[in-house]
Amino acid sequence: MHIQHILVTGRLKNQIKQEMEGRHLPQTFRFLDEQEVTSADFLWADAYVNFYPIPQFQWGNLRWVHSLGAGVDRFIGLKEWKNDVVLTRTICSFGQKISEYCLSYILQDLQHHHLFQKQQEASEWTPVTPKTLSSQRVVIYGTGEIGQEVARVFSQLGTEVIGVSLSGQKKAHFKHVYKISERSDFLRETDWVISTLPLTEQTYQIFNHQFFQSLSSAGFINVGRGATVAEEGLLWALEQPFLRKAVLDVFEEEPLSEGSPLWKDERVTVTPHISAVTSPEEGIACFLDTLEKMNANQPLHNEVDLQKGY
């Protein structure tokens, strides 16, 4: 596929523009603020580059859509996706960043950081023995590139890592990989559940009352997609012996509303979707690599399977 006219908008627009000015590429670019984009721009462009479809998004003459983020559910959610349009996504160091994010909160818990902080404030000397990563079982939902990297990091530190995916296909760094539809009795002995799942019809609110009932005083980390969690079910589980704490980086509605009970629940840690931020350098590098492969008719390792949703 030969791409010639590329429409770039969104928060990385200016950085991409600066990078393109020194490369002298044969393609023609339009760098526009989101509110500036019109129907004429979509008729002119054969490629659209942004984190998401803007409100006035149109198919026009597009043949390629490139997401500057890893999540593509907002693109897939567009009505009547054109079969002749290729969708690609940014894949870079998200796995490493998310691994460090998850590791930091699990270590914080195992090392009793909050407890010792409170003891220090009270001038209290009460030793409590930290737990080790090798004593933990971590279940990772989603065994794609990100999930595999998280599994690699934790398994190398001695943690027992189990994976759960739609296919149940065996992957490196996981002791076992189960299908989502299979039995879940192994969850009863799980210390942490980490979700890296994309948002699809199959994963929408998959973490609900029924799921959380399978746990026993576990921790839950969501770095995948917010709408995979039924918030009511999560809050309910925190009041039960099923869930003792939750670390949430993604939410069904972002920014999280000021009135959400998640803000004030001491058992919940809220972070503003920062576990794997696309840096300008990473976004540009992946975009240029995909553009080069696209024009050379080479295989695209970051092309989205529209049926699977990732």
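Looking across the stretch 144-167 at every residue that is of a type outside the set (A, V, I, L, M), modelled with pLDDT of 95 or more and part of a loop (DSSP other than H, G, I, E, B), the one that is surrounded by the fewest Cβ atoms within 10 Å (Cβ to Cβ) is identified as Gly158.
Of the residues making up the stretch 274-297, one or more are closer than 21 Å to Tyr105 by Cβ, surrounded by 15 or more Cβ atoms within 10 Å (Cβ to Cβ) and modelled with pLDDT of 95 or more. Note on the stretch 210-258: residues that are among the β-branched types (Val, Ile, Thr) and open to solvent by less than 10 Å² (accessible area, probe 1.4 Å) amount to 4. Selection over the stretch 64-100 of residues that are touching a helix residue (DSSP H, G or I) at 6+ places or on another chain (Cβ under 7 Å) and either surrounded by 17 or more Cβ atoms within 10 Å (Cβ to Cβ) or not in a helix (DSSP H, G or I) (or both) gives a count of 16. Would you say Tyr178 is over 17 Å from Ser134 (Cα atoms), out of contact with any His (no Cβ under 8 Å at 6 or more places or on another chain) and either of a type in the set (Gly, Ala, Ser) or without any contact (Cβ under 8 Å) to a residue 24 or more places away in the chain (or both)? So Tyr178 fits the description; yes. Please work out if Phe207 is out of contact with any His (no Cβ under 6 Å at 6 or more places or on another chain) and within 24 Å of Glu145 (Cβ to Cβ). When the stated conditions are applied, Phe207 passes them.
Close contacts from the stretch 122-140, counting a first residue that is open to solvent by 70 Å² or more (accessible area, probe 1.4 Å) and a second that is in a loop (DSSP other than H, G, I, E, B) and among the hydroxyl-bearing types (Ser, Thr, Tyr), with Cβ to Cβ under 7 Å and a gap of 6+ residues or different chains, come to Ser134/Thr159. Restricting Leu115, Leu103 to those that are assigned to a helix (DSSP H, G or I) and open to solvent by 60 Å² or more (accessible area, probe 1.4 Å) reduces the list to Leu115.
The values are calculated or read from the model by the stated rules, or taken from the named source; none is laboratory data. All figures in this text were calculated on a predicted structure; none of them were measured in a lab. Glycine gets a Cβ as well: all are built from the backbone with ideal geometry, and neighbour counts include every protein chain shown. The accessibility values were calculated without ligands, DNA or RNA, using every heavy atom of the protein model including side chains. Shrake-Rupley method; radii C 1.70, N 1.55, O 1.52, S 1.80 Å.
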